[in-house]
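Quick note: the coordinates plus some simple rules give every number you see, no bench work behind them. Here the structure is a predicted model, which is why all the values come from computation and not from measurement. As a convention, Cβ positions derive from the backbone with ideal geometry for all residues, glycine included, and neighbour counts pool all protein chains shown.
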Amino acid sequence: MTDDIFLVVDKPEGLTSQRVVAKIKRLLGCRKVGHTGTLDPLATGVLPIAINRATRLIQYLDESRKVYSGEIELGVESDTLDRDGKVVARHLGPLDYSKEQIEAVFANYLGRITQVAPVYSAIKSKGRPLYAYARAGLEVKPPERQIEIDSFTLLSYNPPLLSFRVVCSRGTYVRSLAADVGRDLGCGGRIWSLRREASGMFNLDQSIKLDELHDLVEAGGRLPSLSTQEVLSHLPSLVISDARLKNRVAHGMAVPVEDFPGLWTELLSGVAPEVEIRLVDEEAQLMALARLHKPQDAESGFCGLRMSRVLKSAGS
């Protein structure tokens, strides 16, 4: 049986993220498989996959920063903002932009900006994804969101294609960014190719292609996996060795401070109640995630730990 692990798949072009999940589920014979962030069918690269109970930890991952590289085709606009969509406009003039002109446009998007989501996207409006409205020919106003662009670099320009790399916050639509660059240059633009190089701690160096994964499983080889401990290393941890305390954690029970006074001296100072804490055993196996809990009527301090997710249940 496959453990509770994470895999980093190098998603091929042409498959949806859910299609990749379905293939891995069949290949590994696992009932629970999930991905941590959708890639468009056109896009390739880092697609983190959670296996078995690791799916319960997806919301606790730190994927606040993404790295993408790709190409923008200038002079063409499409309804999906990429080359898979229907062409809605073509620029008939020259595309003789200088490196300085393009970099000046890129610079306008650095820092915190407001971005409008593509109409062909999975963001929901009134319970339905935007792409459902678009495919039905219904007009809907795409929502705006605040995003951050840490860096936006021009790698090369061979008209009509310009190559770029962008480091951005989670929730950034690179298709929208490409369309905005084309608009600002006055010629329009769309994504021609896109590759995710990193998503938080997950990167291409850790990845495996689907055909390689298939061959590895068929040969009975060891999966290039990441443990739950590794992917949650950004969270503070607390070693649980007391047998009574382990039993409470395994049953998802809260841990009152008065029952285990020695425990609290081990907690890192300054840990806020909204921060998840990894509870691990002596073998560094993740038992659960918990938060410091303080009732509204408490005069001072915290009264204990409250379990958020239990991974190691009693008897396992």
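Taking H as built 1.01 Å from N, whose amide H comes closer than 5 Å to the amide H of residue 78, not counting residues under 5 places away?
So residue 78 has HN proximity to 88.
Give, rounded to the nearest 20 debye, the magnitude of the charge dipole that the chain has about its Cα centre when Lys and Arg contribute +1 at Cβ and Asp and Glu contribute -1 at Cβ.
Result for the chain is approximately 1140 debye, rounded to the nearest 20.
Using +1 at the C-beta of Lys and Arg and -1 at the C-beta of Asp and Glu, which of 186, 105, 81 has the Cα lying farthest in the positive direction of the dipole of the stretch 65-199?
So the residue we want is 81.
May I ask what percent, to the nearest 5, of DSSP beta bridges between residues of the chain are antiparallel?
Bridges in the chain that DSSP calls antiparallel: roughly 90 percent.
Normalized C-alpha radius of gyration of the stretch 7-93, against 2.2 N^0.38 Å?
1.37
Among the trypsin sites (Lys or Arg not before Pro) within the stretch 20-58, which fall in a DSSP loop and have no more than 11 other Cβ atoms within 10 Å of their own Cβ?
In loop regions of the stretch 20-58 (DSSP not H, G, I, E or B), the sparsely surrounded trypsin sites (Lys or Arg not before Pro) are 31.
Given the pairs 11/32; 66/246; 25/246; 11/66; 32/312; 86/209, which span a C-alpha to C-alpha distance of over 26 angstrom in this model?
66/246; 25/246; 86/209
Which loop trypsin sites (Lys or Arg not before Pro) in the stretch 185-266, with loop taken from DSSP, have no more than 12 other Cβ atoms within 10 angstrom of their Cβ?
222
Can you give the charge dipole size of the stretch 65-199 about its Cα centre, rounded to the nearest 20 debye, using +1 on the beta carbon of Lys and Arg and -1 on the beta carbon of Asp and Glu?
Computed about the Cα centre, the dipole is about 700 debye.
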